[in-house]
């Protein structure tokens with residue numbers, strides 16, 4: 001099981017990166033996720049216990065990102081468009097210690113990882129949400 005304080009720290013990290021990156025979208029320096037060509041890929045440090053959230057400019061340059069990087073990218077894009085009820089949602093993946101990050105828009109959850117080619121083999125409906133939207 002993922003400790004709640006760890007999940008909260010990851011959520012805040014994703015949201016901080018997204019807020020810092022929003023001006024890159026406002027200026028047109030970065031394209032929307034859906035037209036970026038970015039694909040889902042596990043981070044090279046996956047499984048090490050280290051959480052690393054790339055800045056969206058790095059994700060775009062690499063052409064790939066894990067769930068945290070893709071959530072930060074999409075959230076920054078939405079913030080730049082003026083959406084305010086947007087946040088990151090970090091979930092425990094069925095209690096096995098892995099986390100999965102998604103984007104929350106109001107009461108709806110978006111999964112940028114699936115949109116960018118991740119196998120949807122996890123039962124998303126059973127993910128336990130550990131984050132709340134902070135307007």
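Values in this text are rule-based calculations from the coordinates and carry no lab data. Remember, it's a predicted structure, so these values are computed and weren't measured experimentally.
Using equal-weight Cα scatterers in the Debye expression, the normalised intensity of the stretch 4-129 in log10 at q = 0.10, 0.15, 0.18 Å⁻¹ is -0.26, -0.61, -0.90.
Each part reduced to its alpha carbon centroid, the stretch 104-118 and the stretch 2-63 end up 13 Å apart.
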